[in-house]
1. At a 1.4 Å probe, what is the % contribution of carbon and sulfur to the accessible area of the stretch 1-70?
2. Please label the shape of the stretch 1-146 as rounded, prolate or oblate, based on the square roots a ≥ b ≥ c of the eigenvalues of the alpha-carbon gyration tensor (a/c under 1.5 means rounded; beyond that, a/b larger than b/c means prolate, else oblate).
3. Between ASP35 and ALA138, what is the spin-label point distance in nm, taking each point 7 Å from the Cα along the Cα→C-beta axis?
Amino acid sequence: MTPKEKFIHNLHQARTAHIRWVNAIKLLVSGIDVDIKQINLDAIGSDFGKWYYNEAMLFSMGTSRMVVEEIEIKFISCHDFYTKIYSIFNKRKNNLIGELFGKQPRVSSHEMELAHRYYEEIVILSDQLKNKIRIFEAQLMSMENDKFLSYGSVMDEKSSQPVNNSIQEPTKNDDEEKAYFYGARGRG
């Protein structure tokens, strides 16, 4: 498997992990008893987050920069809405008085409606995220292997983790030395 094929495979696995995460939230807001700790609250520590921040970010300075940034915005927004849902359902799990008397407070109908609305926002954002992932995948598929490898996304065959072998010390010519650099991302 080439590094490019491995990267696309990892992209597919990350998308699948995100879909499973959204489906687990659907079960939670539908009233099905789900262990809330099994639904990852930490965006960066989630399977999708690990893929995004370890692999997809390698393309954040290239021609895919905009779509990679949009993926992050949608991804973080999904987790922000889930944080709100988590706070609704987590209060029922952490009630000391309820534990003493063997009763857990139920989520009110108002809170349940609010959780459903948050979930609907997650679904909308998730659909947009999956669309951005499809665009990103199409960009990667159309990229020549040499250009793909130039982004430093050479995958270590044993660990399936990106290895950044292509980083080289930049060389400066007269034009680059005279160029004006500004902002956090470099030259404009």
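1. On the way: 1910 of 3560 Å².
It is 54 percent, rounded to a whole number.
2. Details: a/c = 3.16, a/b = 2.56, b/c = 1.23.
Cα axes put the stretch 1-146 in the prolate bin.
3. My value for the distance between the label points is 4.1 nm.
The values are calculated or read from the model by the stated rules, or taken from the named source; none is laboratory data. Treat the numbers as computed from the prediction; the structure is a model and nothing was measured. Glycine gets a Cβ as well: all are built from the backbone with ideal geometry, and neighbour counts include every protein chain shown. Quick note on the areas: whole protein, heavy atoms, side chains included, nothing else; ligands and nucleic acids left out. Shrake-Rupley method; radii C 1.70, N 1.55, O 1.52, S 1.80 Å.
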